[in-house]
Amino acid sequence: MEYRYIGKSGLRVSVICLGTMTFGSTTDKKEAFKILDKAYDIGINFFDTAELYPVPPEAKYAGVTEKIVGEWLKTKPRESIILASKVAGAASGWFVPPIRYGLTAMDRFHIKKAIEGSLKRLNTDYIDLYQQHWPDTIVPIEETMKAFDELIKEGKVRYIGTSNDTAYGLTKANTIAKYEKLARFESIQNNFSVLNPRFFDELEYVCKKEQVSLLPYSPIAGGILSGKYNTSNPPKDARFMFYMNYPNKRVKNHAKRFYNEKTLKATEMFLEISKKHNIHPVTLAVAYSKHFDFVASTIIGARKLEQLKPSLNAAEIKLNREILKDIKKIQEKIPYPMG
């Protein structure tokens, strides 16, 4: 297993991170433990969760994922694991999270409430990497950064990061941190894959210049790049088949971003590359996401243990110029298929 450092931090993490967002909904505790154990046994030391998980978010399930991870955590030496979690973003953002009565904000009060709940559910007295799940459009970033800095000084958090953020947001936050002598964001967790290369537009430059690491999520585009949707009869239990019939409008729109005519066409071309180079499409997609020097660790996920192996195999794959050139052709022919 290869290990890399996150930003300028002391966090040395495996190039593959196990995400846990299905634990407690489509993945029960027994299966979750099998997945966690398998990942740990092959050398993965980095695990990512959030107070909002599992997904799709519902008030009755919020926090269940952290409870499952917390129970599992007791079976392993705590210092052998780099644990990441997130405080839910603001209700002024892309949707109203079903926690704290839909009144969330990235202010001192909610950040303190969130960390207290997460530490309790996770059965630990500290979190290695604590992230804002998405930025706040109302609360000044100064207050957010000061609240995070206080958590570090209290020993509850080691380092901080952001997620679903912009080049402006990351730069603004870390500029304030520099001049106010506060802890800075060492990482940014954004969507990045063959089908969504937008990170290259601006954020790649910021991360390289400022030595901030990307932790890509959805490297297989929520399962699209596996090819299972490029059939006349996709599996009925596949995520976006479920999401397309979900009563929540936001969840449906989220599904359409991943599952549409352009993404399926681009995936068809990607599957041809996979076949040409004799690499499983999931392995190839994850290997692509972890290939770049601004990436510290790529976040994978699995609802079932049997789905895990192709993603784990990517840890040993190095992409050559020919593969990268073939993938670039797809991105030039169908730019930004996820919009």
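Summary of computed values
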quantity: Index of the failed condition, residue 65 passing every other in (1) within 19 Å of residue 19 (Cβ to Cβ); (2) without any contact (Cβ under 8 Å) to a residue 12 or more places away in the chain; (3) of a type outside the set (A, V, I, L, M); calculated: (2)
quantity: Filtered residues of region 20-38 (kept if crowded, with 23+ Cβ neighbours inside 10 Å and small (Gly, Ala, Ser)); calculated: 32
quantity: Residue match in region 150-171 (condition: surrounded by 19 or more Cβ atoms within 10 Å (Cβ to Cβ) and in a loop (DSSP other than H, G, I, E, B)); calculated: yes
quantity: Subset tally (residues that are in contact with a His (Cβ under 9 Å, 6 or more places away or on another chain) and β-branched (Val, Ile, Thr)) for region 318-339; calculated: 1
quantity: Boolean, residue 85 is among the hydroxyl-bearing types (Ser, Thr, Tyr), modelled with pLDDT of 95 or more and closer than 21 Å to residue 147 by Cβ; calculated: yes
quantity: Residue that is farthest from residue 211 (Cα to Cα) [pool: residues in region 294-325 that are touching a Pro at 6+ places or on another chain (Cβ under 9 Å) and not polar (S, T, N, Q)]; calculated: 310
quantity: Those helices (runs of 4 or more DSSP H) lying entirely in region 241-339 with at least 1 residues under 17 Å from the mean Cα position of the chain (by Cα) and among the hydrophobic types (A, V, I, L, M, F, W, C); calculated: 249-258, 281-290, 308-313
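The values are calculated or read from the model by the stated rules, or taken from the named source; none is laboratory data. Quick caveat: nothing in here was measured; it's all calculated off a predicted structure. A quick note on method: Cβ atoms are made from the backbone with ideal geometry, for glycine too, and the neighbour counts reach across all protein chains shown.
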